[in-house]
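A short worksheet on the structure shown next.
What follows draws every value from the coordinates through simple rules; no lab data is involved. On a predicted model such as this, the values are computed, not experimentally measured, just so you know. Positions of Cβ are generated from backbone atoms using ideal geometry, with glycine treated the same way; all protein chains shown enter the neighbour counts.
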Amino acid sequence: MVTFPPKIQRLLKLYEDDLHVRYTERTPPSYLPHVYAFLDWLAGRGLDVVAVRSEDLQAYQNDLYALRRKDGRPYAASYQSIRLSVLKNFFRFLCRRNYLLHDPSAEIEHPRLDSRLPRTILTKQEAKRIVEAPDTTTARGLRDRAMLETFYATGIRVTELSNLTPYDVDTEERTLRVILGKGRKDRNVPLTRAAARAIETYLVKARPRLVRSTKVRWLYLQDRGGKMDRSTIARIVMHWAKQARVRKHVTPHTFRHSVATHLLKGRADIRYIQVLLGHGSLKTTERYTRVEISDLREVIRRAHPRGR
């Protein structure tokens, strides 16, 4: 890692603290490397961060376009866009703290990105097979069944599920409270009857057998009583997808995409889907409407005289 002058190190520490206050715990470690790379670029050209002009940022953006991977391939436009988004966030911070009088990144435009459809969508039958795959005669099976039901009922993000506590669930009212989700926003979402029943059974019969300390506050626990992490949850989802003989690459986020798609096909209002998923913008939710095009394309392929 590059060693920066004391003044820059203090500035970076203030920025890191600001990220911790404004965003989730995953944001600082994902944002800071991009800022380090930019500051290293400035140092190589003898530029001071508080004297950066729009022309300097344009030069940096041009260098990003020319950047190559180790195998010689260019980075995707999405990678360039992420770097620029982080820079804009960094310069807004500098303006808020009065290190800058104006934001030199305001005029920088993001590269145009293709609006991609979710890669993997489960059918209703596939989702049902995965959710019902765990052996509910064991504590681990009851836990996994409750987790899968939660994913399929709510479309919750994996980090949001990991951070749940028993106090965030009301199985009688069939509601789930997501605290400090993406963008540090709270939301309440409904549970299906099946999900509420599975969570209630897990809380009564399984969680007491997994918990090792009264200080543990998380809803879903690992086999040894610790907090569930992202990688463990992903392995559990992939394991039961394999056991259910679903050949698609299934991740926790696959359930999120699938929930939105199934609700849309069931004629749910897209604004309600937006609230359920916790999307800040309706545009993010609207991409699921394009999934219907893929269904239509398949119908034409099978039924149209020249479809094949």
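Label positions at residue 229 and residue 30, each projected 7 Å from the Cα along the C-beta direction, are separated by 1.7 nm. Taking chymotrypsin sites (Phe, Trp or Tyr not before Pro) as exposed when DSSP calls them loop and at most 15 other C-beta atoms lie within 10 angstrom, the chain has its longest site-free stretch at 100-308.
Helix 6-22 and the longest principal axis of the Cα set of the chain meet at an angle near 30°. Report summary: the helix-based calculation at 222 nm, which adds -39500 (n - 2.57) for every DSSP H run with n ≥ 4 and divides by the residues of the chain, gives -16500 deg cm²/dmol. Under the convention that each Lys and Arg Cβ holds +1 and each Asp and Glu Cβ holds -1, the size of the dipole of the chain around its Cα centre is about 1140 debye.
Within segment 1-88, the GluC sites (Glu not before Pro) that combine a DSSP coil assignment with at most 16 other C-beta atoms in a 10 angstrom radius are 25.
Pairs of C-alpha atoms in the chain farther apart than 29 Å represent 50 percent of all such pairs. Candidate cross-link partners of residue 7 among the lysines, defined by an alpha-carbon separation under 28 Å and a same-chain spacing of 8 or more, comprise 88.
Which whole-number percent is the relative contact order of the chain (Cα, under 8 Å, 6+ apart)? Walk me through the numbers on the way to the answer.
Numbers: 333 pairs, mean separation 51.3, N = 308.
Result for the chain is 17 percent.
Between 0 and 90 degrees, the angle of helix 291-303 with respect to the longest Cα principal axis of the chain falls at about 60 degrees.
Using only Cα coordinates, the Kirkwood hydrodynamic radius of segment 1-138 works out to 17.8 Å.
Using a cut-off of 24 Å between Cα atoms, the listed pairs 70/248; 124/248; 13/227; 13/70 include 70/248; 13/227; 13/70 as exceeding that distance. Loop-located trypsin sites (Lys or Arg not before Pro) across segment 70-108 with a Cβ neighbour count of 11 or fewer within 10 Å are 70, with loop assigned by DSSP. Annotation note: GluC sites (Glu not before Pro) in segment 142-204 located in DSSP loop regions with a Cβ neighbour count of at most 13 within 10 Å are 172, 173. Taking the longest Cα principal axis of the chain as reference, the axis of helix 77-96 is set at about 70 degrees. Each residue of segment 194-210 was assigned a 3J(HN,Hα) from its phi angle through the Karplus curve 6.51 cos²θ - 1.76 cosθ + 1.60 (θ = phi - 60°); the sequence is 5, 5, 4, 5, 5, 5, 4, 5, 4, 5, 7, 9, 10, 4, x, 7, 9 Hz, with glycine and proline shown as x.
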